[in-house]
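Only one structure is covered here, and it is reproduced in the block below.
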Amino acid sequence: MRIITRSALTAGLTLGLCVAAVAQSPTPAPPPPTPIPQPAPPLTKAERIADRAISLLVSWKLKAAENLLAANEQELGQTPEYRTALGYLRATAGKWDQATELLRGAATAKPADPTAQYFLGETMSWRQKPADADAAWKAARSKALALIAAGPVNARTHYCLGAARVRLKEYNLARTALELARAGGFEPALVDYQLGLSYTLEERWQDAIAWFDKVIAKDAKFAHAYFYRGLAYGKLNQKDRLLVDLDLFLKLAPNAPEAGIAKATLAAAQR
C-alpha cells in the first residue's frame, strides 16, 4: 500500500506541476492581421486627358490628339501632364526645340513622374541623339521604380517603366512591367505595341509580328504597327508583305520621322 500511495503521490505531484506549467505559459500572440492591399490612386482629369492624347499620338492620330488638347487647354494647359502631351505633339510635328522645352519643363514641375522623361527620350531618339535618349529613359526607369517601391501606383507608371525598359533593352523586365500595366487597365493596344517593339529590338521577328497583329486587330489605323511589322516581314524575306505594310504606314503617317526609312526600304525592295 505504501508503494501505491507513493506512486499516486508522485503522479499527483507530476500532474500538478504540468498544470502549473500550463497555467504559467504565456498566451501565444495572435498572428498579425493580413494587410489590406491599398488601391492605386485614381487618375486626375489632367492625367486622363494627357493619357488619351498620348495614346492618340502614339498611334499617329495627330489631329484627334490636337483637338483633344485644344478643347482642354483653358482648364489644364498649365499642368505638367498636359504639357507632357503637348510636348509630344510638338515632337510629332518635328518642332524639336519646343518639344524639348515643354517636356523638360513638365519633368521639372512633376519630378517624381516618369512620363515626361520617357517621351523626352522618344524625342531625343527621333532627333538622333542616342546618348540623350538613353539618359532620359534611364531617368524614367528610376522615377517609375521609386514610385513603385513607395506604394501602390496606377497602371501608367508600370507602362512607362515597361516602355523605358524596352528602349534600354531590358526585355524580360520590360514585358513584366507591361503586363502589370495591362492588368491595371492600361490601353491594351499600347501595351501590345510596346511588346511588339520589345521583340523587334530583340530580333525575334515572328514574335514581333504576332504582337503587331494584335495591335492592328484592335486598331487598324495604328500606323507604326505597320511600320515595324513590315520591317519584321523584311527580315523574314517576305517581300510582298513588307511592301504592303510599309505602303500602309506611309498612307497613315506620311510625315512621321520614320517615313524616310520606309520610303528607302520600299525603293530598295522594288528594285
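Summed over the stretch 148-174, the residues that are touching a Ser or Thr at 6+ places or on another chain (Cβ under 6 Å) and either closer than 15 Å to Ala208 by Cα or charged (D, E, K, R) (or both) give a count of 3.
Please state which one of Asn237, Asn172 is surrounded by fewer than 21 Cβ atoms within 10 Å (Cβ to Cβ), among the polar types (S, T, N, Q) and assigned by TED's automatic domain parsing to the domain that holds Leu56.
Selected residue: Asn172, the only one of Asn237, Asn172 that is surrounded by fewer than 21 Cβ atoms within 10 Å (Cβ to Cβ), among the polar types (S, T, N, Q) and assigned by TED's automatic domain parsing to the domain that holds Leu56.
Looking for something closer than 30 Å to Thr176 by Cβ and among the aliphatic types (A, V, I, L, M) - is there at least one such residue anywhere in the stretch 237-252? No: zero hits.
Only one entry in Ala177, Ala140, Ala183 is at pLDDT 95 or above, under 24 Å from Phe222 (Cβ atoms) and surrounded by fewer than 24 Cβ atoms within 10 Å (Cβ to Cβ), namely Ala183. Taken as a whole, the structure leaves Lys251 outside the set of residues that are outside the structural domain of Leu57 (by TED's automatic domain parsing), in a loop (DSSP other than H, G, I, E, B) and closer than 25 Å to Thr123 by Cβ.
Looking at the stretch 115-122, is at least one residue surrounded by fewer than 17 Cβ atoms within 10 Å (Cβ to Cβ), part of a helix (DSSP H, G or I) and of a type in the set (Val, Ile, Thr)? No, the stretch 115-122 contains no residue that is surrounded by fewer than 17 Cβ atoms within 10 Å (Cβ to Cβ), part of a helix (DSSP H, G or I) and of a type in the set (Val, Ile, Thr). Of all the residues in the stretch 242-271, those that are farther than 20 Å from Gln128 by Cβ and touching a residue at least 12 places away in the same chain (Cβ under 8 Å) number 12.
Assess whether Leu76 counts as being under 25 Å from Glu179 (Cα atoms) and crowded, with 19+ Cβ neighbours inside 10 Å. Full working, then the answer.
Working: under 25 Å from Glu179 (Cα atoms): no; crowded, with 19+ Cβ neighbours inside 10 Å: yes.
No.
Each row is one residue, and each column tells you yes or no for (1) aromatic (Phe, Trp, Tyr); (2) surrounded by 15 or more Cβ atoms within 10 Å (Cβ to Cβ).
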{"residue": "Asp192", "(1), (2)": "no, yes"}
{"residue": "Gly196", "(1), (2)": "no, yes"}
{"residue": "Ala223", "(1), (2)": "no, yes"}
{"residue": "Tyr228", "(1), (2)": "yes, yes"}
{"residue": "Tyr233", "(1), (2)": "yes, yes"}
{"residue": "Val244", "(1), (2)": "no, yes"}
{"residue": "Asp247", "(1), (2)": "no, no"}
{"residue": "Ala256", "(1), (2)": "no, yes"}
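To keep it simple, each residue is scored yes or no on (1) in a loop (DSSP other than H, G, I, E, B); (2) modelled with pLDDT of 55 or more.
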| residue | (1), (2) |
| --- | --- |
| Pro26 | yes, yes |
| Pro32 | yes, yes |
| Pro35 | yes, no |
| Gln38 | yes, yes |
| Glu47 | no, yes |
| Ala53 | no, yes |
| Ala64 | no, yes |
| Ala71 | no, yes |
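Assess whether Leu145 counts as being under 20 Å from Leu43 (Cα atoms) and surrounded by 18 or more Cβ atoms within 10 Å (Cβ to Cβ). No, not satisfied.
Does Ala85 meet the test of being under 17 Å from Ile49 (Cα atoms) and part of a helix (DSSP H, G or I)? Yes; evaluated as a whole, the condition is true for this residue.
The values are calculated or read from the model by the stated rules, or taken from the named source; none is laboratory data. Fair warning: this is a prediction, and the values are worked out from it, not measured in the lab. No Cβ is skipped: glycine too gets one built from the backbone with ideal geometry, and neighbour counts run over all protein chains shown.
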